[in-house]
Every structure is written in C-alpha cells, then in structure tokens.
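Heads up, the thing below is written out as structure tokens.
Just so it is clear, none of the values below were taken in a lab; they were calculated from the coordinates. Values in this document were obtained by computation on a predicted structure and should not be read as measured data. As a convention, Cβ positions derive from the backbone with ideal geometry for all residues, glycine included, and neighbour counts pool all protein chains shown.
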Amino acid sequence: MNRKAAERILRDVLHLPTAPFAEHAVVDHIHDFIAQRPAVKAKVDKVGNILVHYKKGPKRVPRPVCFAAHLDHPGFRAVKMTNSKSLKAEWHGGVAAEYFNRNRIKFHSGGNWIHGRINAVKTAGRNGRQVVESVSVDVTEPVNSGCPGMWDFPDPVIKKGQIHARACDDLAGASAMLACIDDLVRRKADGEAYFLFTRAEEVGFIGAIAACRLRTIPKKCVVVAIETSAERSNARIGDGPILRVGDKSTTFNSNATAFCAAVANDLNKKDKSFEYQRKLMDGGTCESSAYCQLGYDATGICIALGNYHNVNARAKKLSPEFVSLDDYDKLVRWFIALVQTHRRYDGSNPAFDATLVKLQKKYNKLLDKTK
C-alpha cells in the first residue's frame, strides 16, 4: 500500500463540506475520483447512494465484501434567507442544544465558505430531551438554499500523528474505501469488492435503509460497515482499527465478524506491525445494525475518534474531530486484505477449532473417570 497516496486521499476528502441531505460536494468528488479510474464502475441508486464495483482476475468470488461508509456529518442545511443578512437553516445530527448558542458556523455556497454566527435556536422535545431543529444565522453574505453548513473550524491539519478536521465521521471511513480502490487499481490486483457510499446516516441511516430496500447491495455480499466511533476507555486512538462486534442496539453477524477477524489475523502473521482491536462499541447505533436487520450478513470495522460529533467533553466546547493516521493506514491495509484474501466466507474459525480439539483430547479421558 502506498501510504502517502492513502493519506493524500484522506486530506482531500476531509477538506470537503458535508451535512445530512447536503452531501453533494463529497458525492461530486467521488464521481471525479472514479472517472479517473476506468477499472472501476459506479452507479447511483434512487436516493443518491453510490455503489462502486471492482473486479479483476479469473477467480469468481462467491461472497465478495461490500464496504459501506456514510458521506454526511452532523450539520446544517440552508433553508432560505429571511433578509439580506439572516439565514434560516435546519440542523440534523446528535449534538446537545447547549453547544449552539452564539457559536460560529459557515456555509459552503457558490464554491466559497460564507461565515456566520447563530443568533437564535429552535428546539423541540424528543425522547425526554430538547433537541435542536433549526437555527437563525447572521451571515456575511447570502447563502443558497440547500447548501451544507458546518462548525467554523479550519481545514485539516496534522499534529503528532493525528489528523484534525471539521469532520472525520464518517469522511475518514469513506476515504479509506477510496484509498483501497486506488490501491487495487494501481496494482491491477486480482479480487472483487463493492464499495457503498451512503447518505443521511446521522438522522437514522436513511441511505443505508434505502440501499437494502432497493437491493442496491447485491444479496451475495458480506457487508462491512465502516465508521469512526467515539474513543472509549478500552478502545483507544492509536491502538489500531477496531473489529466492531456490535453497537448500542445489536450484535452483528458472527460469521461476518469471524471472517474479518481471520483475515486480520492472517495479515498480522505476515506483518507484525499490523495490529487491530476487537470491541463492542456501544456508544451509539450504526449502519451495521440496519444491514443485519434487513437481511444481510454484516459486521463493522471502525477507528477510534476524538471529539465525537465535534464535542470536546473535557473542555465543554466544540472542537475539530481527530483520528490517528496510523489507525487509518492499517484500516486501508485491512480492506485490501479482505478483497484479496484466499479465504472462503464460511464462518469457520480454524484457530479456535484447533483449540477446542486440543482441549477435548487433553481432558476427555478425565471426564470418563468422573463419578
């Protein structure tokens, strides 16, 4: 894997504006990216999800992996100018109302960032708490309807092996998928995989649900949903990508999880620098639960994220999100290995099977003597 190329892809994507229902800048970037690589083909479903297919070589893969990542991040969508200097905007995503008062935001309109400050917040009661529905924003110039708005943070910057950006969730996951595609195309590697880029995850994985209902994802696929998930005390930034066995709502398909683990263990045997974690990331619910519920063999892989949804809990303020570049690089390597593995997807776990056989041989004779 070309690490510099993978990290350049990450930086390019993290520069882009996005918000639920306003992901068009990232969508356009992906179409441009794919157009420059004729070896892969992309199609768009009825709700705007993008499915990319890579296949090369004579071997037919009975159960190819479909990687999936969402293109949005909690943010604003411009509704309309109420006067020459005031904008009404919708909010979509999980951030507490206390962080909105007078905060600076910016909208990407007409190819430029337009700065503003929130002057009023409209909330509504939902599930026993107040959530933000819309805001009024003082802006420096008019903003076009439908444009994405984000917190007013600078472009991505690298600090001590971490990249800090307006939104890593889930643009870093989408970037890792693009980096995998880039590597496969560069090397003309044998293998087959699908790459699904979904919309509007932050309001309840709307794009992922539609992708299942519309059969955008071929039923033969093993779905591996990619996330950047809030760092936890036992799942730390810098300790490697995480095989996510479940989330707040469900545990994922055991066969799909075992398959990903087996490929990761194979990778570790070849290269001891590759390390990964296996964790229940139960801070929230992700697209993997939807894929499992709607009939797919699905699991999840993520990397740990700092300042989840831009909330810096220690400082009690909003801040850029950040992830480890080393975690990101290992994530891409894992994807490539999943595409090129010679393992068949059958849910087997040879190493654990061997352990069970060894234990049985060692202790069965003692069971026979038990009275």
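Miscellaneous remarks
- When the alpha-carbon atoms of segment 112-172 are used, the pair Rg, Dmax equals 15.3, 41 angstrom.
- Built from the Cα atoms of segment 1-101, the convex hull projects on average onto 10.5 nm², one quarter of its surface area.
- Stokes-Einstein translational diffusion, segment 205-259 - Kirkwood Rh over all Cα pairs, 0.890 mPa s, 25 °C, in µm²/s: 183 µm²/s
- Computed over segment 213-306, the P(r) curve from all C-alpha pair distances, binned at 5 Å from the origin, holds 3, 15, 25, 22, 18, 11, 5, 1, 0 percent per bin.
- An ellipsoid equivalent to segment 290-362, defined through the eigenvalues of its Cα gyration tensor, has semi-axes of 36, 17, 16 Å when rounded to whole angstrom and sorted largest first.
- Local electrostatic count at LYS46 - Lys and Arg +1, Asp and Glu -1, tallied over other residues with Cβ under 12 Å: +3
- Solitary cysteines of the chain, where the nearest other Cys Cβ is not under 4.7 Å: CYS147, CYS168, CYS180, CYS212, CYS260, CYS286, CYS292, CYS302
- Per-residue [θ]222 nm for the chain (sum of -39500 (n - 2.57) over DSSP H runs n ≥ 4, rounded to 500): -9500 deg cm²/dmol
- Relative contact order %, the chain, counting alpha carbon pairs below 8 Å whose residues are six or more apart: 21 percent
- Checking the cross-link pairs LYS41/LYS106; LYS248/LYS269; LYS4/LYS160; LYS248/LYS317; LYS46/LYS88 against a 22 Å limit on the alpha carbon distance flags LYS41/LYS106; LYS248/LYS269; LYS248/LYS317; LYS46/LYS88 as lying beyond it.
- Relative contact order of segment 75-151, pairs being alpha-carbon contacts under 8 Å that are 6 or more residues apart, as %: 42 percent
- Relative intensity, log₁₀ I(q)/I(0), of segment 226-371 from a Debye sum that treats every alpha carbon as a point, q = 0.11, 0.13, 0.14 Å⁻¹: -0.51, -0.67, -0.74
- Sorted ascending by nearby beta carbons within 10 Å, beginning with the fewest, TRP334, TRP113 become TRP113, TRP334.
- Once the Kirkwood radius over Cα pairs is known for segment 158-225, the Stokes-Einstein relation at 25 °C and 0.890 mPa s delivers a diffusion coefficient of 173 µm²/s.
- If you look at the Cα atoms of the chain, you get an Rg and a Dmax of 21.9, 89 Å.
- Taking THR355, THR216, THR341, THR18 and counting other C-beta atoms within 10 Å, the order from fewest to most: THR355, THR341, THR216, THR18
- Per-residue packing, averaged as other Cβ atoms within 10 Å, sorts the ranges 117-123, 238-244 into the order 238-244, 117-123, beginning with the highest.
- Inverse mean reciprocal Cα-Cα distance (Kirkwood Rh) of segment 75-151, Å: 12.3 Å
- Student exercise, the chain dipole from Lys, Arg, Asp, Glu Cβ charges, in Debye to nearest 20: 1100 debye
- Mean shadow area of segment 1-56 over all directions, Cα convex hull, nm²: 4.7 nm²
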